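Read-outs throughout are calculated quantities, based only on the coordinates presented, and are distinct from any laboratory measurement. In this text the structure is predicted, and so the values were computed from the model without any measurement. Glycine gets a Cβ as well: all are built from the backbone with ideal geometry, and neighbour counts include every protein chain shown.
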Amino acid sequence: MRYICLIYNSTDTDGTLTPDETAELIKAHFAFDEELSREGIMIHSDALEMPDTATVLRVRNNTLSATDGPYVETKEHLAGFYVIEAPDMVKAKEIAGGIPSARYGAVELRPVRTLTLPD
């Protein structure tokens, strides 16, 4: 089953890591990625740019509107994600718990819902 691991960083701690701490965190992510790839667990992962680079799109009454970020009042923002393959939630929790950024923020783990067209 596929799971998505959504990495959230706190706006209170953004930018507080030293350059050395940031470099170590990035190295830890690359090592974690390599391990998950080698084990056939990782489907995809990426980091995201900061929220102020986001654009929110909405269609209302067939009219597209765009709002530049940051777009919500929150103390945390989505910073990156992993899509993994795991046999069950127990194993998925074990895998997601190893994400290096969990030491600084939070990881939301959710099963991916597979949609199908009705007959």
Can you tell me which of 56-63, 97-104, 40-47 comes out highest on packing, and rank the rest after it, using the mean Cβ neighbours within 10 Å?
97-104, 40-47, 56-63
Within the stretch 40-60, what residues put their amide N at less than 20 Å from the label point 7 Å along the Cα-to-Cβ vector of L78?
42-60
Using a Förster radius of 35 Å, what is the FRET efficiency between S10 and D119 based on their Cβ-Cβ separation? Nearest 0.05, please.
0.15
Would you kindly state how much longer the chain becomes between K93 and R110 on full extension, computed as 0.36 nm times their sequence separation minus their alpha carbon distance, in nm to one decimal?
5.1 nm
Once every DSSP H run of n ≥ 4 in the chain is given -39500 (n - 2.57) and the sum is divided by its residues, what mean residue ellipticity at 222 nm do you get, rounded to the nearest 500 deg cm²/dmol?
-7500 deg cm²/dmol
Environment charge of E49, counting only residues whose C-beta is closer than 15 Å and scoring Lys/Arg +1, Asp/Glu -1:
-4
Expressed as a rounded percentage, what relative contact order does the chain have, with Cα pairs under 8 Å and six or more residues apart?
47
